[in-house]
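Taking it in order: structure first as structure tokens, then the write-up.
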Amino acid sequence: MTGKQGWLTAQPWLSLVVRLSMAGILIFAAIPKLEDLPASVRAVRAYRLLPEAVVPTVGNLLPFFELLLAVFLILGLFTRLASIVWLLMMVGFTIGVIWVWIKGYSIDCGCFGGGGDVPEGTTNYPFHLAERLGFSALGAFLLIFPRSKFSLDGWMNSTPYNFDQENGDHDSVAQSDVAQTPEGS
């Protein structure tokens, strides 16, 4: 098996692991917020970044949005779009962490429940930024390689593949192309 053939075999499995990991992270983040919605609102408020009028809405809806995105990822439905949404969320969360760090606020980010102001010296913003970078890497991988095993995307977009065993070429073949070739007749 050549390197290209190995990658073509492994990539859908890797994307499955990444997709389910992202869904797990979202579920792990959403459940504590759902159990204590006032804490979720406090966490959003602690950033002092959004207008107060929208803070309760964002704090209350965020965990439901996270769960909805997790469902799309678990199902493998609109995977590339889900990874874009994930990446936009990571950009927003990263901006929030940088904002509070620059402003000198001492907060618990509330990413996985809790949140709000905390005593000075108890935050670790470099860790939170590194965590966001890692989460962004997952999203970028899935954006580039959305094809994964056990996905509704794959089921809905079933296209036969032409795999030339001799030279390792792998191309999608449209049904009309198959029907027009002598071998497809």
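The values are calculated or read from the model by the stated rules, or taken from the named source; none is laboratory data. Keep in mind it's a predicted model, so treat the numbers as computed, not measured. Using ideal geometry, Cβ is built from the backbone for each residue, glycine included, and neighbour counts are taken over all protein chains shown. Heavy atoms of the whole protein, side chains included, go into the accessibility calculation; ligands, DNA and RNA do not. Shrake-Rupley method; radii C 1.70, N 1.55, O 1.52, S 1.80 Å.
Here E52 sits with roughly 100 square angstrom of accessible surface, probe radius 1.4 Å. Computed over the chain, the per-residue total of -39500 (n - 2.57) for DSSP H runs of n ≥ 4 gives a 222 nm mean residue ellipticity of -22000 deg cm²/dmol, rounded to 500. Here the calculated FRET efficiency for S21 and E120, from their Cβ-Cβ distance with R0 = 30 Å, stands at 0.35, rounded to the nearest 0.05. For the chain, the solvent-accessible area works out to 58 Å² per residue, with a probe of 1.4 Å and every protein chain left in place. Taking all protein chains as shown and a probe of 1.4 angstrom, D108 keeps an accessible surface of around 60 Å². When the chain is treated as a GNM with alpha-carbon contacts under 10 Å, the residue of N60, N124, N157 showing the greatest mean-square fluctuation is N157.
Remark: accessible surface ordering of F64, F28, F93 (largest first) is F28, F64, F93, probe radius 1.4 Å. Taking each residue as 0.36 nm, the span from L61 to I102 lengthens on full extension beyond its C-alpha to C-alpha distance by 12.1 nm.
Within the chain, helices built from complete DSSP H runs that reach 24 Å or longer along their own axis (Cα positions) and carry a mean Kyte-Doolittle hydropathy of 0.5 or higher are 3-35, 55-75, 79-103, 125-144. Once C-alpha pairs closer than 8 Å and six or more residues apart are averaged by separation and normalised to the residue number of the chain, the relative contact order reads 28 percent. Extension gain, Q11 to A53, is 10.7 nm, computed as 0.36 nm per intervening residue step minus the present C-alpha separation. Between F127 and L81, the modelled labels are 3.7 nm apart [label points 7 Å from Cα along Cα→Cβ]. Using a probe of 1.4 Å on the protein chains alone, the accessible area found for R80 is around 120 Å².
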